[in-house]
Amino acid sequence: MKPVILLTGKNGQIGGELLRFLPQLGEVVALDRNQLDLSKPNDISRTIREVRPQLIVNAAAYTAVDQAGADVAMASAINGEAPGLMAKEAKKIGAALVHYSTDYVFDGCKKTPYDETDSANPINVYGKTKFAGEQAIRSSDVPHLIFRTAWIYATRGRNFLLTILRLATEREELRIVSDQVGAPTCASEVAAATAKILTRMLGRNDSDFVFSEVSGTYHMTAAGQTTWYDFAKTILEKAEATSHSLDWLAAATRGRQLMARRVIPISTEQFGSPTPRPAYSILSNSRLIQTFAVALPNWHTQLQGCFVSNSIAANHVAD
């Protein structure tokens, strides 16, 4: 009998991609924010008790970084308290939990890639609430996998890729922050890597899920590094060089021609964001590679994949 998998955030960037993979692993009960409001604890408990999954995959999150500072209670409920409650309910029924976290749990003061053993020190509300969620899961003692990822984008939803393409149809000049360093990571690759890991775990010892040996926190990001400025320039170069029709690209640009002719590098201070962000948030993926023999492609390769077809073939994850 296939295991029951409860997926939250099915319409989100990672959740939407997971829907392409998880049905191959089990019977998926996928819910969006209208079906399961993570700010309502009673709804979370009731849903888990009714579905009784063997695995919960929490792909839902409060991801509006700037807005979180003005909506602390909601961000805390969704990012911090809900994952902890999921973990407690999962433990009661003998289920395991997969959860996604962020590079923003770090302050960005380091100059070399962050390991899982580095101390977290989030510098904004979003990062603080995400780290609170991690801590709640770990303290519950439920079998779990916490995947920290970074600079997530997709060909759907709201993200840097789609924003740059939209702005490029409206302005001749784009001013982009050049002093923040990270690893842009495509949601499809995160979903593919997650599914690959879960597939291997499903095959262990003829058991549905065996988390005891590998339960913990792992970094899961694209290889390489770049800045928002260089990422934006590369996006526009790829878009300009794309000769075939892509539905998602047409939607992002609303069928208009790109008019941006200049991309100007600016500092974080010049950008004037109300929310501090890490200047350096490269995560080391060594533990993920060593434990699961899974490595995500370079960020440039991932971006190129978006411009190849309407359906991103999220199969680049290497053994």
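The values are calculated or read from the model by the stated rules, or taken from the named source; none is laboratory data. Not measured: the values here are computed from a predicted model. Virtual Cβ from ideal backbone geometry, glycine too; neighbours counted across all protein chains shown. Note: areas computed on protein heavy atoms with side chains; ligands, DNA, RNA excluded. Shrake-Rupley method; radii C 1.70, N 1.55, O 1.52, S 1.80 Å.
General observations
- Anchor Lys91: aspartates and glutamates whose Cα lies under 19 Å away (excluding residues fewer than 8 positions away in-chain): Asp43, Glu50, Glu81, Glu134, Asp141, Asp208, Glu213
- On Cα atoms only, tilt of 125-140 relative to the major axis of the chain in degrees: 20
- Partner aspartates and glutamates for Lys110 [C-alpha distance under 17 Å; skip if fewer than 8 residues away on the same chain]: Asp118, Asp179
- Shown here for the stretch 98-142: trypsin sites (Lys or Arg not before Pro) in loop regions (DSSP other than H, G, I, E, B) with at most 11 other Cβ atoms within 10 Å, namely Lys111.
- Two-decimal Rg/Rh across the stretch 13-163, once Rg and the Kirkwood Rh are taken from alpha-carbon atoms: 0.95
- ³J(HN,Hα), Karplus 6.51/-1.76/1.60, whole Hz, each residue of the stretch 161-175, x for Gly, Pro: 4, 6, 5, 4, 5, 5, 4, 5, 8, 10, 10, 7, 10, 10, 10
- Of the residues Gln225, Pro265, Gly157, the one whose Cα sits farthest towards the positive end of the charge dipole of the chain is Gly157 (charges of +1 on Lys and Arg Cβ, -1 on Asp and Glu Cβ, taken about the Cα centre).
- The rule of thumb for compact globular proteins, 2.2 N^0.38 Å, goes into the C-alpha radius of gyration of the stretch 93-192 1.30 times.
- Protein accessible area in the chain, 1.4 Å probe - carbon and sulfur %: 48
- Charge dipole (Cα centre; +1 on Lys/Arg Cβ, -1 on Asp/Glu Cβ; no other charges) of the chain amounts to roughly 340 debye.
- Using θ = phi - 60° in the Karplus curve 6.51 cos²θ - 1.76 cosθ + 1.60, the 3J(HN,Hα) couplings for the stretch 177-190 round to 4, 10, 10, 10, 10, x, 10, x, 10, 7, 4, 5, 6, 4 Hz; x is entered for Gly and Pro.
- Listed pairs Lys10/Lys88; Lys40/Lys196; Lys40/Lys88 exceeding 27 Å between Cα atoms: Lys40/Lys196
- Largest to smallest principal axis extent of the C-alpha atoms in the chain, angstrom: 57, 39, 38
- From the alpha carbon centroid of the stretch 50-99 to that of the stretch 104-162 is 13 Å.
- A compact globular protein would have a Cα radius of gyration near 2.2 N^0.38 Å; the ratio found for the stretch 92-144 is 1.28.
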